[in-house]
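Visitor: Sending over a structure as structure tokens; questions will come in a sec.
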Amino acid sequence: MLDIKLLQNNFDEISKKLKKKKVPEETLNELKEISIELKKERKKLEFLQAEQNNNSKMFKIYIKEKKNLDKHKIELLKNKEKIAELNGKVRELEEKLSKIANIVPNIPLESVPYGEDESENIELSLILAPPLFNFTPKEHWEIDNGWLDFKRGVKLAKSRFTVLKHDGAKLSRALINYMLDFNTKYGFSEVCVPFLANRETLRGTGQLPKFENDLFKIEDEDLFLIPTAEVPVTNLFQNEIIDQNELPIKITCYSECFRKEAGSAGRDTRGLIRQHQFSKVELVSIAKPEESEEIFNLMVNCASDLLTSLGLAHRKVMLCGGDLGFSAAKTVDLEVWLPGQNRYREISSISNTLDFQARRAKIRYKDGKKNRLVHTLNGSSLAIGRTIVAIMENFQCKDGTIKIPEILKDYM
RNA sequence: CGGGAGAUGGCAGAGCGGUUGAAUGCACUGGUCUUGAAAACCAGCGAGGGUAAUACCUCCGGGAGUUCGAAUCUCCCUCUCCCGGCCA
């Protein structure tokens, strides 16, 4: 959530920055006006409440003095009505405010480039050279080694579900274990969390209320399948005040992720790239504001080193404003080279949300006497499905077999 | 899913309908003492809003109600715990 006070005081600046994310100025204007009106009405209300409190206290004294109470009663009741009325007004304004505030995205950092979409992202660096082939490399779904059973996935659920078999299934499990171990060595501690989350949790990280259509909802329950482990892991700390000494908190977590992929009909319909369910190992950090940039870089390096350790060529890309997610102030994607597709594809995405999620989820830490909002960061270690794709395409042999990276041998 | 109990500050745990934002204990922070630490003693210590800082307002799971006044009474919801059934 935006800092409303900041919006009140630095309207032009914020409005300009949010243009990167295509937020219309009218929305911000409305937000500002409501917040100012709210402040005004609240002041009126509090004044009346103070008066009422005082008069109520007098009651005890009047009883002692055996004064006639009826007159005071009438007075108090009259005031009570006024308070109720104002209270309703204030509440209405609060609802109006939060309705809008909840759907305004985070402000991009200064360093985020302007741009409409993916095509205007900026390549930061290339790591490892793509492999050379003495034959035409296939796309992963063309490789007929019995790992991927698309038909049966559809039979069991529907399109965009896949069954992994044989070494494909094993590789998936090996990758999960390997990544968790890798991240642990990087200083992230492992957690295992529920794959279902309630509304408040999803609101905390920004999926709700705006993106309900992208989530699978459980019938007859106010629960949703998580779209990423970022949701439960970050919200582990919702409504908590963290001891300063415990920061930064660095967590890694494996989860299944569930996404409706509404609006991406027709895109990546073949293969493992875009599924309704996929495994992912996630990184989440809770940090003090002054250290969040450093942690961000650590997370990017952690994911990049992981790719390197698997021998996968990739590049780091800075997302432009138009391609930034709702909660992110800054995002670096890692794109892995896919020889079959002859292009780089996103396999990891690391974001700093600054205090945006912390404000929503009320995650704070004690700084001396004051409670301050933390910064929250999240990033894929790697998406498992896409890593399998990358391994299949990069390490395919002419005879259709796949060479498993050396480092995974112990995990298979 | 059926039966019972409960929901209060970081935790534990009091709280006749009227200075109770809330006793007490633990934890925590600062100080005295000590070579240092522990112990002991003294002091401070919930959150949000508001203010230059005070005032002041709101909050005792959530919502509605009774009352001049509610953490305290009534109703609804949610959640937790114990017992029983089912089950990895």
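Visitor: Restricting to the stretch A:28-57, name every residue that is among the aliphatic types (A, V, I, L, M), surrounded by 14 or more Cβ atoms within 10 Å (Cβ to Cβ) and more than 7 Å from RNA strand B (Cβ to nearest atom).
Guide: Result: A:L28, A:L31, A:I34, A:L38, A:L48.
Visitor: Anything in the stretch A:115-136 that is closer than 20 Å to A:A390 by Cα, of a type outside the set (A, V, I, L, M, F, W, C) and surrounded by fewer than 11 Cβ atoms within 10 Å (Cβ to Cβ)? List them, or say none.
Guide: Looking only at the stretch A:115-136, we keep the residues that are closer than 20 Å to A:A390 by Cα, and these are A:123, A:125-136.
This time we only want the ones that are of a type outside the set (A, V, I, L, M, F, W, C), so: A:123, A:125, A:130-131, A:134, A:136.
Those that are closer than 20 Å to A:A390 by Cα, of a type outside the set (A, V, I, L, M, F, W, C) and surrounded by fewer than 11 Cβ atoms within 10 Å (Cβ to Cβ): A:S125, A:N134, A:T136.
Visitor: Test A:Q244 against the criterion of being farther than 23 Å from A:L408 by Cβ and polar (S, T, N, Q), and give yes or no.
Guide: So A:Q244 fits the description; yes.
Visitor: Okay, moving on. Name, by its number, the condition in (1) within 13 Å of RNA strand B (Cβ to nearest atom); (2) under 30 Å from A:L310 (Cβ atoms); (3) among the charged types (D, E, K, R) that does not hold for A:K71.
Guide: It fails just one condition, (2).
Visitor: Please pick out the residue among A:L223, A:L236 that is under 26 Å from A:L175 (Cα atoms) and surrounded by fewer than 21 Cβ atoms within 10 Å (Cβ to Cβ).
Guide: Values: A:L223 fails: under 26 Å from A:L175 (Cα atoms).
Of A:L223, A:L236, the one residue that is under 26 Å from A:L175 (Cα atoms) and surrounded by fewer than 21 Cβ atoms within 10 Å (Cβ to Cβ) is A:L236.
Visitor: Let me spell it out: the conditions are (1) crowded, with 21+ Cβ neighbours inside 10 Å; (2) outside any loop (DSSP other than H, G, I, E, B), and A:S172 meets all of them except one. Which number is the exception?
Guide: (1)
Visitor: Does the stretch A:99-109 include one or more residues that are closer than 30 Å to A:K330 by Cβ, within 16 Å of RNA strand B (Cβ to nearest atom) and surrounded by 13 or more Cβ atoms within 10 Å (Cβ to Cβ)?
Guide: Looking for residues that are closer than 30 Å to A:K330 by Cβ, within 16 Å of RNA strand B (Cβ to nearest atom) and surrounded by 13 or more Cβ atoms within 10 Å (Cβ to Cβ), one finds at least one in the stretch A:99-109, hence yes.
Visitor: All but one of (1) out of contact with any helix residue (DSSP H, G or I) (no Cβ under 7 Å at 6 or more places or on another chain); (2) surrounded by fewer than 24 Cβ atoms within 10 Å (Cβ to Cβ) hold for A:A328, so report the exception by its number.
Guide: (2)
Visitor: Looking only at the stretch A:346-386, how many residues end up being within 16 Å of RNA strand B (Cβ to nearest atom) and among the aliphatic types (A, V, I, L, M)?
Guide: So the count comes out to 5.
Visitor: If only one of A:E261, A:E256 is assigned by TED's automatic domain parsing to the domain that holds A:R203, surrounded by fewer than 21 Cβ atoms within 10 Å (Cβ to Cβ) and part of a strand (DSSP E or B), which one is it?
Guide: None of the other options fit; the residue is A:E256.
The values are calculated or read from the model by the stated rules, or taken from the named source; none is laboratory data. Please read these numbers as outputs of a predicted model, since none were measured by experiment. Heads up, the Cβs are rebuilt from the backbone with ideal geometry, glycines too, and the neighbour counts pull from every protein chain shown.
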